[in-house]
Amino acid sequence: MQSLRASALARRARSAVRSLSNCRALSSHLSSSPDADHLQNEVLVEGKASARAAILNRPSFLNALTTNMAVRLKKLYESWEDNPDIGFVMMKGSGRAFCAGGDVVALYRLINEGKLEECKDFFKNLYMYIYILGTYLKPHVAILDGITMGGGGGVSIPGTFRVATDKTFFATPEIHIGFHPDAGASFYLSHLTGHVGEYLALTGERLNGVDMLAVGLATHYAMSAHLDLIDERLAKLVTDDPSVIDSSLAQYGDIVYPDKKSIIHRLEVIDKCFGRETVEEIVDALEIEAARTNQDWCTSALKKLKEASPLSLKVSLRSIREGRFQTLDECLVREYRMSLHGISKKASHDFSEGVRARLVDKDLAPKWDPPTLEHVSEDMVDYYFSPLGEFEPELKLPTHLREAFI
């Protein structure tokens with residue numbers, strides 16, 4: 001493993017100068033202030049014995065991700081990976097959130113101003129960082145203490161360890177803003193047991209920390225009040241051995257058991273309904289199940305499906321199904337296409353309309369186009385998955401330099 005790691009680091013070093021110059025050339029986007037100190041403070045750094053911690057630090061925005069944060073994370077993680085004195089890396093969030101995903105309100109405003117290139121920079125840099133995390137050579141620990149939504153999953157779940165707490169809730173609610181679960185979600189959701197991935201992607205339902213652990217989105221659990229003990233223990237570790245970190249997280253974590261409302265009690269019905277071929281068939285199956293059992297979760301899932309963008313539902317279902325047979329890099333390249341098509345307004349205005357209705361005007365009354373599932377054609381869905389075109393470069397990931405060892 002050490003020789004493999006040395007070989008990989010050597011390959012990456014050859015491109016370091018080019019990567020550094022490219023990073024320096026990037027302009028600052030998705031941020032209200034050009035001040036360098038302000039931008040740097042959006043991702044703080046903590047030093048420990050043989051570890052470094054990146055702290056997402058936009059608490060008033062629930063640590064929503066910006067282009068500047070993605071660029072800074074990428075540069076930090078690359079430098080830490082190349083540093084032989086650093087054994088492992090951690091990520092945390094400031095305030096009551098770990099990370100609420102991408103700053104979609106900032107994207108909405110950029111789109112309305114016609115600044116699509118800045119939007120593209122956001123997706124490109126975020127997805128590049130996620131690929132680095134998913135192929136990282138050193139153990140990674142994400143402390144998911146609070147809101148973990150959308151891209152918040154993308155910047156944590158591809159890493160080695162994820163610690164959920166009693167304050168954690170996870171969701172991929174993109175279908176309710178006319179988008180699709182991205183930032184690697186089509187990879188990690190599709191690899192969950194059965195058809196849980198389709199369920200989470202198409203409903204945006206929330207999971208608490210215990211259920212995250214139960215379905216494999218989290219690897220460990222700790223009460224939020226006990227995180228200081230874990231932090232103190234990890235701060236003393238001088239190791240790059242994942243098993244040592246795993247043991248410490250288990251030793252200082254908490255043992256929990258799913259309650260009566262846990263997702264594990266509905267897995268059979270989820271598979272039965274969300275394993276259907278089309279969104280229409282999923283809705284029909286859920287309606288039958290809701291009428292038969294009168295279970296609250298069925299009613300809730302149906303309500304969320306009917307509130308979502310019909311086009312986003314069909315695009316997201318196909319995305320999860322394709323992700324089940326793709327690697328992380330293939331999913332990210334495809335999601336990049338989908339995201340750029342989704343913000344272009346050539347196929348639909350649903351993303352801008354969804355953000356407006358949910359997060360800007362907050363009238364919760366989006367006017368989806370098309371308005372119903374039956375009006376969503378195959379061509380509309382196909383467009384999201386089509387190549388970007390002759391003059392629009394695809395996402396280029398350093399697959400020749402970075403390989404996943406899991």
(message) Testing Y131 on (1) out of contact with any Leu (no Cβ under 7 Å at 6 or more places or on another chain); (2) touching a residue at least 60 places away in the same chain (Cβ under 8 Å); (3) part of a helix (DSSP H, G or I), one condition comes back false. Which one is that?
(response) (1)
(request) Would you please name the residue that is most open to solvent (accessible area, probe 1.4 Å), looking only at residues in the range 296-334 that are farther than 24 Å from H349 by Cβ, under 20 Å from the mean Cα position of the chain (by Cα) and of a type in the set (A, V, I, L, M, F, W, C)? (result) F325
(message) I need every pair where a residue in the range 173-185 that is within 20 Å of A357 (Cα to Cα) has its Cβ under 7 Å from the Cβ of a residue that is in a helix (DSSP H, G or I) and open to solvent by 20 Å² or more (accessible area, probe 1.4 Å), sequence separation at least 6 or different chains.
(response) H176/E307; H176/R358; I177/V104; I177/R358; G178/E353
(message) Scan the range 246-263 and tell me whether some residue there is in contact with a Pro (Cβ under 8 Å, 6 or more places away or on another chain) and either within 30 Å of A51 (Cβ to Cβ) or hydroxyl-bearing (S, T, Y) (or both).
(response) no
(request) Would you list the helices (runs of 4 or more DSSP H) that sit entirely within the range 275-363 and hold 2 or more residues that are more than 30 Å from T135 (Cα to Cα) and free of Cβ contacts under 8 Å to residues at least 40 places away in the same chain? (result) 279-293, 296-307
(request) Write out, first by first residue and then by second, each pair whose Cβ atoms fall under 7 Å of each other, whose residues are 6+ apart or on separate chains, and whose first residue, in the range 146-162, is in a strand (DSSP E or B) while the second is basic (K, R). (result) I147/R96
(request) Could you tell me whether the range 251-269 includes any residue that is without any contact (Cβ under 8 Å) to a residue 60 or more places away in the chain, closer than 30 Å to K304 by Cα, aromatic (F, W, Y) and surrounded by fewer than 20 Cβ atoms within 10 Å (Cβ to Cβ)? (result) yes
(message) On the basis of being farther than 25 Å from Q295 by Cβ, of a type in the set (S, T, Y), over 23 Å from the mean Cα position of the chain (by Cα) and open to solvent by less than 70 Å² (accessible area, probe 1.4 Å), does S186 make the cut?
(response) no
(message) Within the range 79-99, take every residue that is open to solvent by 30 Å² or more (accessible area, probe 1.4 Å) and not acidic (D, E) and give me the one that is nearest to E46 (Cα to Cα).
(response) K92
(message) Which condition from (1) surrounded by 13 or more Cβ atoms within 10 Å (Cβ to Cβ); (2) out of contact with any helix residue (DSSP H, G or I) (no Cβ under 6 Å at 6 or more places or on another chain) is the one that I230 breaks?
(response) (2)
(message) Quick check on E374: is it open to solvent by 80 Å² or more (accessible area, probe 1.4 Å) and closer than 30 Å to P242 by Cβ?
(response) no
(request) From the list L76, L107, L62, L44, pick out the single residue that is in contact with a strand residue (DSSP E or B) (Cβ under 7 Å, 6 or more places away or on another chain), at pLDDT 95 or above and crowded, with 19+ Cβ neighbours inside 10 Å. (result) L62
(request) Those residues that are over 20 Å from A49 (Cα atoms), part of a helix (DSSP H, G or I) and within 23 Å of the chain's Cα centre (by Cα), I need them from the range 212-245; list them, please. (result) M212, L213, A214, V215, S224
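The values are calculated or read from the model by the stated rules, or taken from the named source; none is laboratory data. Just so you know, these numbers come straight off a predicted model, no measurement behind them. A quick note on method: Cβ atoms are made from the backbone with ideal geometry, for glycine too, and the neighbour counts reach across all protein chains shown. Side chains included, ligands, DNA and RNA excluded: accessible areas come from the protein's heavy atoms. Shrake-Rupley method; radii C 1.70, N 1.55, O 1.52, S 1.80 Å.
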